[in-house]
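What follows is one structure encoded as structure tokens, with my remarks underneath.
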Amino acid sequence: MLLMPRFLLPDVFHLTDDFLQSHQIRGIIFDIDNTLVGFRTPEPTPEVRALLERLRSGGIQIAFVSNNNKIRVSRFAKGLDIPAYHRACKPLGVVLKRVQRRFDLPAGQIALVGDQIYTDVLGGNRAGMITILVDPIDCKETALFKFKRRMEMPVIQRKKREDAQK
Ligand SMILES: [Mg+2]
């Protein structure tokens, strides 16, 4: 099922070395907004910087793939030496495939980490990647956000039920 994330995690800090090793993840594509930082946070927090550093020192390749604009993405990625793609049009797979070629890894060794099912998870699954859905950082109380969450809840609930039966 293309909307179903392979894993649910509370946040990106649960991407431990053990987790990555046990699922043979060698590359990670991160969404930015509400995945790594809240949508109002322009730069990586110290915790996020430490996470990225830990992942890289463990030999994990990293990229940022965002549907947001160039200003947002380039400011976030500034000075990190991590490839960053803006206006990626997830769930379309064009940019994801480009990153895969850059990583030079099979799709099955790349995790796509994001907070939205209809862009991040759908795009990652279509590309054959390991999809990881995290809880959105800013649970903004906008009508659009509530609507999207309502669309996502049946999928999340089903995934939780399936995990509970394992
Ligand atoms: Mg997001």
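The values are calculated or read from the model by the stated rules, or taken from the named source; none is laboratory data. All values derive from a computational prediction rather than experimental measurement. We place every Cβ from the backbone using ideal geometry, glycine too, and count neighbours over all the protein chains shown. We work out accessible area using only protein heavy atoms, side chains counted, and drop any ligands, DNA or RNA first. Shrake-Rupley method; radii C 1.70, N 1.55, O 1.52, S 1.80 Å.
Brief remarks on what is shown
- Cα-based shape type of the stretch 100-166, given that a ≥ b ≥ c are square roots of the gyration tensor eigenvalues and the cut on a/c is 1.5: oblate
- Cα gyration tensor shape of the chain, rounded if a/c is under 1.5, else prolate or oblate by comparing a/b with b/c: rounded
- Arg75 - accessible surface, heavy atoms, 1.4 Å probe, Å² rounded to 10: 120
- Cα shape, the stretch 1-67, gyration tensor, a/c 1.5 rule: oblate
- Taking all protein chains together and a 1.4 Å probe, the residues Ser57, Ser66 rank Ser57, Ser66 from largest to smallest accessible area.
- Loop-located GluC sites (Glu not before Pro) across the stretch 59-163 with a Cβ neighbour count of 11 or fewer within 10 Å are Glu141, with loop assigned by DSSP.
- For the chain, carbon and sulfur atoms together expose 54% of the accessible surface, with a 1.4 angstrom probe and every protein chain in place.
- Within a Gaussian network of the chain (alpha carbon springs, distance under 10 Å), most fluctuating of Gly123, Gly59, Gly38: Gly59
- Taking each of Lys78/Lys166; Lys70/Lys148; Lys70/Lys97 in turn, the alpha-carbon distance tops 30 angstrom for Lys78/Lys166.
- Neighbourhood charge, 13 Å Cβ-Cβ cut-off, centred on Ala63 and excluding it, Lys, Arg +1 and Asp, Glu -1: +4
- Solvent-accessible surface of the chain, averaged per residue with a 1.4 angstrom probe and all protein chains in place: 53 square angstrom.
- Using the Cβ-Cβ distance between Thr41 and Met1 with R0 set to 41 Å, the FRET efficiency works out to roughly 0.80.
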